[in-house]
Amino acid sequence: MKNLLKTVTFVVLAALVAGMFGVASPSLAQDPTATPKPLGSEEGKLTIWVNAERAPILEAAAKQFTAKYGIEIRITTMGFGDVRSNFELAGPAGEGPDILLGAHDWIGSFYANGLVAPIELSDELKAKFDPVALRAFTYNGELVGLPYQVEAIAMYYNTDLVPTAPAKWDDAVAIAKKLVADGKAERGIAIPPDPYHSFPLLTGFGGGVFGLDEKGSYDPSKVLLDSEGTIAGATELDKLIKEGVFADGVGYDQAKDLFLKGKLGMWVTGPWELNNVINSGVKFGVARIPTMKQEAAPFVGVQGFMVNKLSKNVLLAQSFLTEFVATDEVMTALFKAQFGIPAWLPIRPAAFAEAPALEGFAASVAVGQPMPAIPQMAAFWNTAGNALTLIYQQKGDPATIMKDAAKAAREEIAKK
């Protein structure tokens, strides 16, 4: 799902709006008076739906494909979020594209509706992709996307206040307390109080969202919000609120303002803030979130290309992706179009040389967990969000709050 330097990865903030080509269609357009209908799959031609930033790169690859195979490729641009909403409407009617670009957490609903085709990769080609990225695009044991970019939150640290990133959570907390006690910072450490940013507090103590089935896929029947590890993470959060390390009212915007002004020692968020941090003039580094009882695994988001299962040119679409997109040239061009962590491993050394801070985020990706793409994930955002609010506002015992959240999540999943 995202521009790593400009957009927020948090699932409820997906980007919307943009233009399309073709004939007006109120069923597909957000603004039927201004937005034309995108082209659909047509036998003997390849149609791709993509956001505008990536279109020029794919146009160059398309020319090479056409020169080799004599097959025309048509590229329709639209807003990133519009790719999903339009495909959900057009796909089942057989009017979707052959290839679309999107986020891995879209695939749950796509797969359930029979809209994404498996993509076969040779072992040699698989070895060139970040394994976490491939795992994110694997659903029900099938690879259904070709990844090109990954992201996860990590820890920015002000090197004037915190010269070396702490490797252990207890050390980070101790440093945070001392910075405030010595009057060197207004806050020592900040993690935005939402389920996305707070997830590493759960995994760091052995908790999570859902358990796994025998295929290694997320199992919605195994809700972990009331597991021993999740309750331990919630209890740690509650303790730190009581000690003043975290506080209700210090949300995303407040923490951002403090860090950019040099008044916050450590800030846990994503690479989409990198430009703002660089432009602030604050001296900083980026490191993995410190280890708690175990690795603090953040959610990993992945963007990539999917093949429409109802396409009239499935094999051609797969050939275009595996032969003309999965190359150093195209993956480098995609990186330069919108900076992010490449999922294509061969170009990472050059990418990190160009944007060194991305290496810290890549280290976070390496220990992260793909954000669940199953539709039942909505129950986590709802119930965990409410639970965190209660903990921050000190409205109850964290163990009881998480047990209630788990009960509510199970009920919400059962209803759907």
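Just so you know, in the stretch 29-70 the residues that are within 20 Å of N308 (Cβ to Cβ) and of a type in the set (G, A, S) include one that is modelled with the lowest pLDDT, and it is A29. For the stretch 405-416, the tally of residues that are over 24 Å from the mean Cα position of the chain (by Cα) and more than 16 Å from P195 (Cα to Cα) stands at 6.
For the stretch 236-244, indicate whether the set of residues that are among the small types (G, A, S) and buried (at least 17 other Cβ atoms within 10 Å of the Cβ) is non-empty. The answer is no, given that none of the residues of the stretch 236-244 is among the small types (G, A, S) and buried (at least 17 other Cβ atoms within 10 Å of the Cβ).
The set of residues in the stretch 224-254 that are of a type in the set (G, A, S) and touching a Gly at 6+ places or on another chain (Cβ under 6 Å) comprises S227, G229, G233. Pairs meeting the criteria (first residue in the stretch 185-203 and basic (K, R), second residue buried (at least 24 other Cβ atoms within 10 Å of the Cβ), beta carbons under 7 Å, at least 6 apart or on different chains) are R187/L264.
Considered as a group, the residues in the stretch 156-215 that are within 19 Å of V282 (Cα to Cα) and among the β-branched types (V, I, T) include one that is farthest from the chain's Cα centre (by Cα), and that residue is V180.
Counting only helices (runs of 4 or more DSSP H) that fall entirely inside the stretch 289-358 and contain at least 3 residues that are within 21 Å of A62 (Cα to Cα), the qualifying elements are 314-320, 328-337. Looking only at residues that are surrounded by fewer than 24 Cβ atoms within 10 Å (Cβ to Cβ) and touching a strand residue (DSSP E or B) at 6+ places or on another chain (Cβ under 7 Å) in the stretch 77-90, which one is nearest to E151 (Cα to Cα)? Only one residue tops the list, namely R84.
Residues in the stretch 374-398 that are surrounded by fewer than 17 Cβ atoms within 10 Å (Cβ to Cβ) and over 25 Å from the mean Cα position of the chain (by Cα): Q393, Q394, K395, G396, D397. Remark: pairs (first residue in the stretch 290-304, crowded, with 24+ Cβ neighbours inside 10 Å; second residue among the β-branched types (V, I, T) and modelled with pLDDT under 95; Cβ separation under 9 Å; 6+ apart in sequence or on different chains) = F299/T9; F299/V11; G301/T9; G301/V11.
The values are calculated or read from the model by the stated rules, or taken from the named source; none is laboratory data. The shown structure was predicted, so the numbers you read here are calculated from the model rather than taken from an experiment. For neighbour counting, all protein chains shown are included, and Cβ atoms are generated from backbone atoms with ideal geometry for every residue, glycine included.
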